[in-house]
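Trainee: The structure follows.
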Amino acid sequence: MKITYIYFMFLVVFTAQLHAQETVEPLVREGIQYHDKGEFDKAIDTYKKALKIDPTSTLVNYEIALSYFSKGEYEKSITYADIVLKQKKDNILQAYLTKGSALDLLGKTEASIQLFEEAIKNTEGHYLLHYNLALNYYNLNDLDNAEENILLAMDQNISHSSSHFMLANIYNKRGYAVQTILASHFFLFLEPQTNRSTDALAMVKFNMNKNVSKSDSEPNTTNIQLNLDDNNEFSSAELLLSMMSASNEENKDKTEEELFIEQTTTFFETLRELNKGENSDIWKGFYIPFFNEILDGGHFETYCHYILEHASKDSMEWVKANPDKMESFSKWLEGL
């Protein structure tokens with residue numbers, strides 16, 4: 001009799017939970033529609049109706065936290081994210097990301113760092129946690145810890161474009177041209193047509209030409225300045241960049257796109273020669289071999305127009321006029 005009673009109670013609780021879930025889900029879908037349209041107050045009101053049905057729903061509490069975050073009401077966002085975190089069940093990763101970002105935007109970056117480090121331990125790590133932790137360290141100008149975490153993020157998801165953009169910014173801040181160019185190029189390969197793409201392309205062009213300047217006293221003289229850093233394994237490649245940039249005056253008859261493609265091709269061909277021997281770091285173990293594959297596949301011109309299309313009318317026209325080459329490049333990539 002006792003066993004029958006326990007079984008009956010289990011059925012009652014299970015059925016109630018199932019009914020609550022079925023009732024909550026349409027409201028959540030409705031709330032998400034409001035959220036996606038930027039109608040955050042309507043989304044929150046809808047989610048709160050769902051909350052009356054199931055106050056402990058991690059999904060509903062997370063969605064409320066996200067809508068408050070999107071409204072800029074970070075304290076309220078944290079309140080609802082905490083409800084999810086205390087339950088230690090579903091949607092915990094999303095709650096950590098929302099709360100950590102809210103703390104950072106409230107100016108509590110150290111607390112945000114502590115939370116993300118706690119989250120990494122509690123969840124066995126996730127690339128988005130490492131990425132956001134890296135972003136916090138970067139904002140504090142702690143570039144070593146930022147790099148360490150961004151590389152951990154890449155270990156888990158090498159296709160996460162934001163991680164490559166972050167790595168490019170880290171090395172740009174350090175003043176290392178070659179590393180900045182490599183990370184920026186792979187970001188552009190992944191994300192060629194956004195506002196960030198414009199920034200990444202500007203970083204590439206700046207670092208390809210940053211050590212060269214015209215002499216004020218002698219107009220026909222070009223000055224090359226090098227930052228000789230014993231810790232920079234690409235010092236010789238930086239010299240090549242400067243020499244290529246200095247020779248731009250001899251190529252005045254070429255368009256900006258033609259010059260970019262020529263310089264970029266020469267740059268990567270030179271890195272191929274410098275990249276002899278095995279190396280497992282991100283530069284010689286991933287970036288350089290990847291672009292070597294594009295060179296060997298005969299698609300480098302197509303690749304350059306592909307990343308320039310967003311910023312260059314000439315490249316946009318080239319892409320439209322060469323659909324066969326674009327399709328060939330796409331199919332070739334699928335086979336990598």
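The values are calculated or read from the model by the stated rules, or taken from the named source; none is laboratory data. Being a predicted model, the structure only gives us computed values, none of them experimental. Here Cβ is always computed from backbone atoms with ideal geometry, including for glycine, and neighbour counts include all displayed protein chains.
Trainee: How about the stretch 291-336: which helices (runs of 4 or more DSSP H) wholly inside it have at least 3 residues that are more than 22 Å from residue 200 (Cα to Cα)?
Mentor: The helices (runs of 4 or more DSSP H) meeting that bar are 323-334.
Trainee: Something else about it: If you check residue 60 against the conditions, is it assigned to a helix (DSSP H, G or I) and farther than 19 Å from residue 122 by Cα?
Mentor: When the stated conditions are applied, residue 60 passes them.
Trainee: I've got another one for you. Suppose we keep only residues that are free of Cβ contacts under 8 Å to residues at least 40 places away in the same chain and within 26 Å of the chain's Cα centre (by Cα) within the stretch 285-311. Which one would you say is farthest from residue 333 (Cα to Cα)?
Mentor: Across the stretch 285-311, the extreme among qualifying residues is 285.
Trainee: So, of the residues in the stretch 229-271 that are part of a loop (DSSP other than H, G, I, E, B) and under 21 Å from residue 176 (Cα atoms), which turns out to be modelled with the highest pLDDT?
Mentor: The extreme case among them is 234.
Trainee: Just give me the residues in the stretch 149-180 being buried (at least 18 other Cβ atoms within 10 Å of the Cβ) and in a loop (DSSP other than H, G, I, E, B), in sequence order.
Mentor: Of everything in the stretch 149-180, those that are buried (at least 18 other Cβ atoms within 10 Å of the Cβ) and in a loop (DSSP other than H, G, I, E, B) turn out to be 160, 176.
Trainee: Please work out which residue is farthest from the chain's Cα centre (by Cα), limiting yourself to the stretch 100-142 and to residues that are assigned to a loop (DSSP other than H, G, I, E, B) and of a type in the set (Gly, Ala, Ser).
Mentor: The qualifying residue farthest from the chain's Cα centre (by Cα) is 107.
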